[in-house]
Amino acid sequence: MKMFSTASKLMTLATLALAALPATAQDTFKVCADPVNPPYSTKEQTGYENKVAALFAEQLGQKLEYTWLPERIGFIRNTLKAENDNGEGFKCDVVMGVPAGYDLTDTTKPYFHSTYVLLIAKGRGWDDIKDSTQLSNLPLERQEKLKIAMFDRGPGTEWLQKNGLLEQGVPYQSMTGDSEHNVAMQIEKDLRAKAIDMVILWGPMAGYVQSQAAKDSYIAIPMQSSPGLKFDFSIAMGIRQGDNKRKQQLNELIDNNQDKIQALIGAYNIPLLPIPVQAGKKDDD
């Protein structure tokens, strides 16, 4: 009887000890993310990338774990490709949103496709604008009143240049360098303050700006790609080059959850377009 009791105690202690051990790489879905980057990711896990990550972790039966770092220059090097301090494994394994075919990582198949949007605040004299081409055809005296955000890089600035509207641009940096506001948050703030009246903004960020205001506060005009100027892009997940098993696993999760993913993303007012077949060709190599 005593031997049984001792064995039982030892088994209980062993079970408790195992439960106290940190989760292994196989038990953990490790995501690299920016803690202040709505609508993509936030430390409170309210972004759509957080929601997709939670969905995948749940289906894999894994614990969701984040490595947080502002998404600036060096983000991939210091997260996805950075080893743990103890030299065992990497800090994180997945970046939930990168352009399909991104050159700093290997990428999964795309899981959504969106476009840049011309976002115009209503009630400021521009409610008659229904198409972006109207801006370049306005009378000069009206053009001179334009206050449109202009980034240091991106297709929106190129479009302004091609349409002779650079002088009406209000300059912004593509990376704010602000630990409390990302680009979408800054643009939303300045639109409210009337520092600008309109902006050509990537679809997810345009969706965020719209979500922060009363319904119908903005005119949203999807920008159309043309030869030499592309506005629509596919978004995939980034993994380390050579991490083929994880890539296959993520591709299967994307295939099996496409409807759920589209519903999650659509809830953030993000304009969604069909994913072009060619956008996933790299993933079949």
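Per-residue ellipticity at 222 nm computed for the chain from its helices equals -9500 deg cm²/dmol, with DSSP H segments shorter than 4 residues left out and the rest contributing -39,500 (n - 2.57). Computed from backbone phi, the HN-Hα couplings of segment 60-77 come to 7, x, 10, 7, 8, 9, 10, 10, 9, 7, x, 7, 10, 4, x, 4, 5, 4 Hz, rounded to whole numbers (Karplus: 6.51 cos²θ - 1.76 cosθ + 1.60, θ = phi - 60°; Gly and Pro given as x).
Across ASN256, ASN78, ASN182, mean-square fluctuation computed from a Gaussian network of the chain (C-alpha pairs under 10 Å connected) peaks at ASN256. Pairs of Cα atoms nearer than 8 Å and 6+ residues apart set the relative contact order; for the chain it is 26 percent.
In the chain, taking the dipole from charged Cβ atoms about the Cα centre, the farthest positive-side position among SER136, ILE239, GLY61 is held by GLY61. In the set (1) 1.04; (2) 1.09; (3) 1.01, the label that goes with Rg/Rh (Cα atoms, Kirkwood Rh) computed for this structure is (2). Only Cα pairs under 8 Å and 6+ residues apart enter the sum, and on that basis the relative contact order of segment 114-222 stands at 47 percent. Among beta bridges identified by DSSP and lying wholly in segment 114-222, the antiparallel ones come to about 60 percent. Listed by chain and number, the lysines placed with their C-alpha closer than 30 angstrom to that of LYS189 are LYS43, LYS51, LYS122, LYS130, LYS145, LYS147, LYS162, LYS215, LYS230; residues fewer than eight positions away on the same chain are left out. The dipole here belongs to segment 114-222: it is taken about the Cα centre, uses +1 on the Cβ of Lys and Arg and -1 on the Cβ of Asp and Glu, and is about 180 debye.
Computed over the chain with a Gaussian network model linking Cα atoms closer than 10 Å, the most mobile of ILE148, ILE187, ILE129 is ILE129.
In the chain, the DSSP beta bridges split such that about 65 percent are antiparallel, to the nearest 5. Report, by chain and number, residues whose modeled amide H sits under 5 Å from the one on PHE29, excluding near sequence neighbours (fewer than 5 apart, same chain). Answer set, sorted by chain and number: LYS63, LEU64, GLU65. Highest GNM mean-square fluctuation among GLU158, GLU44, GLU83, for the chain modelled with Cα contacts below 10 Å: GLU44.
Readers should treat all values here as calculations from the given coordinates under stated rules, not as data from a laboratory. Fair warning: this is a prediction, and the values are worked out from it, not measured in the lab. Backbone-built Cβ (ideal geometry, glycine too); neighbour counts: all protein chains shown.
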